[in-house]
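So the structure is just underneath, and the comments pick up after that.
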Amino acid sequence: MAKLSILRSLFSTVTGSPSGAVGVKKVTKSNFLSALEELRSLVRDAEFVAVDLEMSGVTSAPWREAFEFDRSDVRYLKVKDSAEKFAIVQFGVCPFRWDSSKDSFVAHPFNFFIFPRTEVSTAGPSDEFHCQTSSISFLARHQFDFNACIYEGISYLSRAQEALALDSAGTEINRKCSDAMINEGECYKMPLGRTSDILFTERMRISLHEWRNSILTSPGGNGSEGGSSSFKSQFQTSFFKMRPAITLKGFGSHQQKLIRMVIRRNFDDLVYVSAPGDVGEEKKVIYAASKEDKGFLMQDLRNDLVNMSKEKLAHAVGFRQVIDLLSSEEKLLVGHNCFLDFAQMYSKFVRPLPPSITEFSSELHKNFANITDTRYLLKAIPVIRQLMKKSSSSLSSAFSILCPHISQGSHGTSLASSVLVKVEVEANDNGSCTGAKHEAGYDAFMTGCVFAQACCHLGIDFKHLSASSSLIQNPNLQKYINLLYPNWNGGVVINLLTGEEMPDSSGQLFKWRYPKMIFDNTVIIWGFPFSIKPRELRECLNRALGQDSVVSIFYIDSTSALVQFSSPVLASEFLATKEDLERRDDAIRVLHPLSRLLDGGKTGAGRYDIYKDLCCSPIAKPSIAEQAEAMGITKGLKKKNKEEHASASVTENSKEYSNQIWGDPHNISCGDILNSLCASHAMVGR
C-alpha cells in the first residue's frame with residue numbers, strides 16, 4: 001500500500017508548511033486505472049463530492065454571452081452552444097469524508113487531464129476541439145500543462161457513443177461471420193485480368209492444398225510441414241480453438257481477397273476469417289473437419305469477436321467511468337456557478353443536450369440526483385451574505401473570506417474558531433503535486449471547503465453525521481439542493497426538479513440594470529450603421545412611432561440591438577413601417593424618421609424569436625448581422641412568423657396614415673412635402 005502523506009491545512013498552526021499548501025493527485029492515462037480504483041472507495045465513503053472543470057472556451061461569439069435581457073430558453077441555448085462547441089481539458093474531483101476522531105473533514109483532490117481522443121472508429125465522428133483564445137491564454141497564464149492534456153489526456157466515450165459503437169460492432173461482427181461461411185452452390189469470383197493475379201492464385205491454391213493434405217495425413221498436427229516454400233515465410237502455422245490454422249502475414253488487401261476467392265472455389269473444409277490476435281485482428285485460414293464443426297467454429301469466432309469488442313469499448317469509455325461512478329453513488333455533488341459545468345458533463349459523457357431547458361433539467365436530475373451550487377449559497381444564506389458584503393462571488397474570493405484558516409493558514413484569522421470547519425488533505429505520494437488556483441483539482445477542493453463552511457453557517461453539526469443520516473437528508477440543507485444559477489447574472493435560479501426558473505431568494509438584492517423585459521413588445525434590429533448610438537436610435541424610433549414609444553434598448557453589438565416598445569402594437573407597427581419603407585424609392589423613404597436606420601440597405605429586423613433562432617444555430621459568426629446573413633435571414637423576411645401576418649391590419653393602418661400625409665407619392669411638389677412633414681410632426685407630437 002502506498003504511503004500517504006498528510007498535508008494539513010487546519011485551524012491549528014502547521015509549522016514548517018506553506019500557507020494553504022494542498023497536495024493534488026495528477027491523473028493521466030498512464031495512472032488512470034489505479035486512480036479510478038482509489039477514487040471508487042473514497043467516493044463511496046464521502047459525505048459529498050466537489051467537482052470543477054477547466055474548458056477550452058466559454059462563448060463562441062461575444063453576443064452569445066449571457067445577458068440580463070435573455071429569455072430563459074435563449075439563455076439555455078447559449079449554454080448549450082458552449083457545451084457542444086468547447087472541450088473539457090481538466091476535470092477536478094474531490095471527495096470529502098468526515099472523520100469524527102479528528103473532528104475535521106478529510107479531502108482527497110484529484111486532477112484528471114482529459115482529451116477527446118478517438119479510440120473506437122465505430123463510435124461516430126470524432127469530437128472537434130474548439131478553442132477560445134481568451135480561455136487558452138487564461139490557462140497558459142496559470143501554467144496549464146497542455147502537453148499533459150494532449151499527449152497524456154484520458155479519452156472517453158459518452159453513453160450515446162458507446163451505444164452507437166456497440167450497435168456498429170454487432171453489425172460488423174455479423175458481417176465478418178457471414179463472410180466466413182460458404183453458402184452451398186456459391187461461386188465466389190473475381191476477374192483475374194493480370195498475369196500476376198493468375199500466378200498468385202495458383203501458387204496459393206497449391207500451398208493451401210499441401211497444407212491441408214499434411215493435416216489429413218498427420219492427424220493431430222497443425223500442418224506445419226505443408227505449404228509451398230514460396231509462401232512459408234508468410235504462413236504462420238498454429239491452432240485456433242484446437243483446430244489447425246494458418247496466420248497470414250504480409251499479404252496486401254488485394255491479395256487477401258484473392259486468397260479468400262481461392263478458398264471458396266477449391267476448399268470446403270477451409271475457412272478464411274478475421275479473428276482476434278495478440279495485437280488486434282489477424283487474418284487466418286482455419287481447417288474445419290465438417291459442416292457441423294464449421295458451425296461450432298463460427299460460434300467460437302463470434303464469441304471471441306464480441307469479447308474483443310467489449311474490451312476495446314471498455315478501454316475507450318475511459319474517463320466516463322468517473323462520471324458513471326458519481327452518478328451511481330448518488331452522492332451530493334457540489335460545484336461553484338456550475339450550470340455550464342453540468343451541461344458540459346451531460347453533453348460529453350451522457351448524450352447530446354436536449355433542445356429545451358425543461359428537458360435538460362429533467363435528464364440532468366435523472367443522472368445526478370443531488371447537486372448544490374455554492375454560488376447560490378453565497379447569496380441565499382444571510383450570514384454568508386453579510387460576511388461577503390460587497391465582495392465578488394467568485395470561488396477564490398469566497399474561499400479567502402469564508403475559509404481563511406485554510407487559504408492563509410491560522411494567521412490573520414479574525415473569525416472565532418467555533419465557526420471554522422477543519423479540513424485535512426490526504427494525497428497519495430505517487431503523482432501528487434502542490435495544487436494552485438484555476439487548476440480543476442484545487443478548485444474542486446476550494447469549492448468543497450466553501451460548501452463545508454456554508455453548512456456550518458446553516459447550523460449543520462457534522463458530529464452527528466452517520467451512515468444512516470446523510471447531508472442530503474438534512475432539513476437545513478434540503479431547500480438549497482438542485483437549485484442552480486442559470487448564468488452569471490443574479491435574480492433567478494433554475495429548479496432542476498421542475499426545469500423552471502424561479503426568483504432567487506436573494507433576488508431583492510440584485511440590482512437590475514434594465515426594465516423587466518416584455519418579449520411580445522420586443523424586436524431585434526441588426527445591420528444598421530455602426531455610427532448610430534443608443535440615444536440616436538431611441539430618438540429615431542420615437543420620432544417615427546411617437547414620444548416614449550421605446551421603453552429600453554439593449555445593444556448586443558455595434559450594429560444590432562434589442563428594442564422594447566411600450567406595446568406589442570408599436571412593435572408590429574415598426575416592423576410594418578420598415579418593410580413598407582424598404583419597398584419605396586421616393587421622397588417618403590428619404591425624409592422619413594427611420595431613413596437613417598435603413599442607410600446601407602442591410603438593416604434587418606424581426607420578433608424576439610428571430611434572436612432565439614440566431615442563438616439556436618450551430619453557426620458562430622462574430623456579429624449578429626454576419627450570423628443572420630450566414631443563416632439566410634435577410635432583413636427578417638425568412639423568419640417572419642404568423643403574428644406578423646396577423647398584424648396586416650396594423651400595416652394597412654400604417655399605409656393609410658402615410659397616404660393621408662403624403663397623398664400620391666408620384667404627384668407631389670416640394671411645398672406638399674414640407675407641409676406634410678409639418679403635419680406629420682404635429683401628429684406625432686400629439
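Just one of ASP613, ASP609, ASP599 is in a loop (DSSP other than H, G, I, E, B) and open to solvent by 50 Å² or more (accessible area, probe 1.4 Å); which is it? Sole residue among the options that is in a loop (DSSP other than H, G, I, E, B) and open to solvent by 50 Å² or more (accessible area, probe 1.4 Å): ASP599. What about GLU626, is it at pLDDT 65 or above, outside any loop (DSSP other than H, G, I, E, B) and open to solvent by 70 Å² or more (accessible area, probe 1.4 Å)? It is true that GLU626 is at pLDDT 65 or above, outside any loop (DSSP other than H, G, I, E, B) and open to solvent by 70 Å² or more (accessible area, probe 1.4 Å).
Among the numbered conditions (1) in contact (Cβ under 8 Å) with a residue 60 or more places away in the chain; (2) of a type outside the set (Val, Ile, Thr); (3) closer than 30 Å to VAL419 by Cα, the only one that LYS80 does not meet is (3).
If you go through segment 534-550 and keep only what is in contact with a Ser or Thr (Cβ under 8 Å, 6 or more places away or on another chain) and surrounded by fewer than 19 Cβ atoms within 10 Å (Cβ to Cβ), you end up with ASN542, ASP548.
Filter segment 45-68 for residues that are polar (S, T, N, Q) and open to solvent by 10 Å² or more (accessible area, probe 1.4 Å) and give the result. Answer for segment 45-68, where residues must be polar (S, T, N, Q) and open to solvent by 10 Å² or more (accessible area, probe 1.4 Å): THR59, SER60.
Take PRO475 and tell me if it is open to solvent by 30 Å² or more (accessible area, probe 1.4 Å), of a type outside the set (Lys, Arg) and at pLDDT below 85. The answer is no for PRO475. Applying the criterion of being touching a residue at least 60 places away in the same chain (Cβ under 8 Å) and open to solvent by 10 Å² or more (accessible area, probe 1.4 Å) to the residues of segment 361-375, the residue that is farthest from SER328 (Cα to Cα) is ARG375.
Being open to solvent by less than 10 Å² (accessible area, probe 1.4 Å) and either part of a loop (DSSP other than H, G, I, E, B) or within 23 Å of ALA440 (Cα to Cα) (or both), is that true of even one residue in segment 385-396? Taking every residue of segment 385-396 in turn, none turns out to be open to solvent by less than 10 Å² (accessible area, probe 1.4 Å) and either part of a loop (DSSP other than H, G, I, E, B) or within 23 Å of ALA440 (Cα to Cα) (or both).
Flag not set for ASN213, criterion: at pLDDT below 85, within 17 Å of ILE286 (Cβ to Cβ) and more than 49 Å from the chain's Cα centre (by Cα).
Contact annotation: residue pairs with Cβ atoms under 7 Å, 6 or more positions apart or on different chains, pairing a residue in segment 282-304 that is more than 23 Å from GLY170 (Cα to Cα) with a partner that is part of a helix (DSSP H, G or I) and aliphatic (A, V, I, L, M), are TYR287/ILE215; ALA288/LEU297.
Entry remark, segment 139-172: residues being open to solvent by 60 Å² or more (accessible area, probe 1.4 Å), of a type in the set (A, V, I, L, M, F, W, C) and over 30 Å from ARG302 (Cβ atoms) number 2 in total. A search for C-beta distances below 9 Å between a residue of segment 191-204 that is closer than 16 Å to PHE251 by Cβ and any residue that is assigned to a loop (DSSP other than H, G, I, E, B) and among the polar types (S, T, N, Q), counting only pairs 6+ apart in sequence or on different chains, returns ARG203/SER228; MET204/SER228. Where helices (runs of 4 or more DSSP H) fall wholly inside segment 270-381, the ranges with 2 or more residues that are of a type in the set (Val, Ile, Thr) are 291-317, 320-329, 357-367. If you filter segment 69-122 down to residues that are at pLDDT 90 or above, assigned to a loop (DSSP other than H, G, I, E, B) and hydrophobic (A, V, I, L, M, F, W, C), you find that the one that is surrounded by the fewest Cβ atoms within 10 Å (Cβ to Cβ) is ALA87. The single residue among LEU545, LEU594 that is modelled with pLDDT under 95, in contact with a Cys (Cβ under 8 Å, 6 or more places away or on another chain) and at negative phi turns out to be LEU594. Every test in (1) of a type outside the set (Lys, Arg); (2) open to solvent by less than 20 Å² (accessible area, probe 1.4 Å); (3) over 12 Å from the mean Cα position of the chain (by Cα); (4) closer than 14 Å to GLU84 by Cβ is passed by PHE349 save one, and that test is (3).
The values are calculated or read from the model by the stated rules, or taken from the named source; none is laboratory data. These numbers come from a predicted model, not from an experiment. Here Cβ is always computed from backbone atoms with ideal geometry, including for glycine, and neighbour counts include all displayed protein chains. Quick note on the areas: whole protein, heavy atoms, side chains included, nothing else; ligands and nucleic acids left out. Shrake-Rupley method; radii C 1.70, N 1.55, O 1.52, S 1.80 Å.
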